[in-house]
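Q: This structure is in structure tokens; I'll ask about it shortly.
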Amino acid sequence: MEERLLIQKAQNGDAVAVEELLSRYEERIYKLAARFFSNPQDAGDVAQEAMIRIYERLGSYSWRAAFSTWIYRITVNLCIDETRRRKKQPIQELPENMVSGHAGPEERAVQDETGRQVRAAIASLSPEYRAVLVLREIEGLEYGEIEVILGLASGTVKSRLNRARDAFRKQFAVLSGRGEGHAVC
């Protein structure tokens with residue numbers, strides 16, 4: 001069923017439409033939450049809370065932004081709030097495209113260590129920097145989508161992303177033993 005019709009039915013109380021709509025986004029919501037939390041259980045808890053919030057607020061969705069953008073905003077806001085509450089924790093999973101499944105044992109060990117360093121560097125960022133970096137670099141969202149999700153002006157998104165990239169580079173250099181003088185990213 002077309003998403004627009006599904007949303008309308010869900011907003012009108014159709015339980016089957018609500019279930020279908022939420023099931024379409026369940027995996028994306030979990031993966032986004034997993035970028036913020038090292039423990040899969042924590043990511044699952046935040047993703048579940050996001051699903052509940054989406055369900056509770058479905059009637060308030062106003063069509064001003066894409067439905068996926070609206071869902072990302074709810075999820076990211078919960079992740080930021082929970083990250084602030086729990087303080088900084090490393091991110092457990094890297095995007096699938098960052099680790100090759102065809103690597104030999106030595107190459108895999110280097111990739112695993114690099115992945116650990118990347119996760120630790122991202123985890124060291126403030127929630128605001130982590131959110132903008134994850135949305136742009138890992139989720140691949142456009143600036144306009146990030147602006148809507150985070151409720152920020154265009155210039156703020158761009159400057160925050162630049163600062164997040166700089167902070168990530170510095171922290172990654174420290175963690176990888178390359179020092180701040182070496183180019184990273």
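Q: Can you run phi through the Karplus equation (6.51, -1.76, 1.60; θ = phi - 60°) for segment 56-69 and list ³J(HN,Hα) in whole Hz, with x for Gly and Pro?
A: 5, 9, 4, x, 8, 5, 10, 6, 6, 10, 4, 4, 4, 5
Q: Right, next: Got a sec? How would Met1, Met51 order by Cβ neighbour count within 10 Å, fewest to most?
A: Details: Met1 10, Met51 19.
Going from least to most buried by this count: Met1, Met51.
Q: Need the full-extension length gain, Asn162 to Asn12, defined as separation in residues times 0.36 nm minus the C-alpha distance. One decimal, nm. Intermediate results must be reported in sequence, preceding the final value.
A: Values: separation 150, 0.36 × 150 = 54.00 nm, distance 4.23 nm.
49.8 nm is the gain from fully extending Asn162 to Asn12.
Q: What does a probe at Arg57 reach in segment 144-175, counting residues whose amide N is under 12 Å from the point 7 Å along Cα→Cβ?
A: Residues 149-151 fall inside that zone.
Q: Please give me, ordered by residue number, the GluC sites (Glu not before Pro) of segment 128-183 that lie in loop per DSSP and have at most 15 other Cβ atoms within 10 Å. Don't skip to the end; give the middle numbers.
A: Details: sites: Glu128, Glu137, Glu139, Glu142, Glu145, Glu147, Glu180; in loops: Glu139, Glu142, Glu180.
Passing sites in segment 128-183 are Glu142, Glu180.
Q: Let me ask something additional. Provide Tyr72, Tyr25, Tyr55 in ascending order of the number of other Cβ atoms located within 10 Å of each residue's Cβ, fewest first.
A: Working: Tyr72 25, Tyr25 19, Tyr55 14.
Listed from fewest to most nearby Cβ atoms, that is Tyr55, Tyr25, Tyr72.
Q: Of Asp42, Asp166, how do they rank once you tally other Cβ atoms within 10 Å and put the fewest first?
A: Numbers: Asp42 18, Asp166 12.
Listed from fewest to most nearby Cβ atoms, that is Asp166, Asp42.
Q: Which cross-chain or sequence-distant (5 or more) residues have an amide H under 5 Å from the amide H of Asp14, H modelled 1.01 Å from N in plane?
A: none
Q: For Leu125, what residues show an amide H to amide H distance below 5 Å, using hydrogens built from the backbone and excluding near sequence neighbours?
A: For Leu125, no residues qualify.
Q: Then there's this: Taking 0.36 nm per intervening residue step and subtracting the Cα-Cα distance, what contour gain separates Glu20 from Asp81 on full extension? Please list the in-between numbers first.
A: Details: separation 61, 0.36 × 61 = 21.96 nm, distance 2.74 nm.
Full extension of this stretch gives 19.2 nm more.
All of the numbers you see were taken from the coordinates with simple rules; none came from a lab. Note that this is a predicted model, so its numbers are computed, not measured. Don't worry about glycine lacking a Cβ; one is built from the backbone with ideal geometry, like all the others, and counts go over all protein chains shown.
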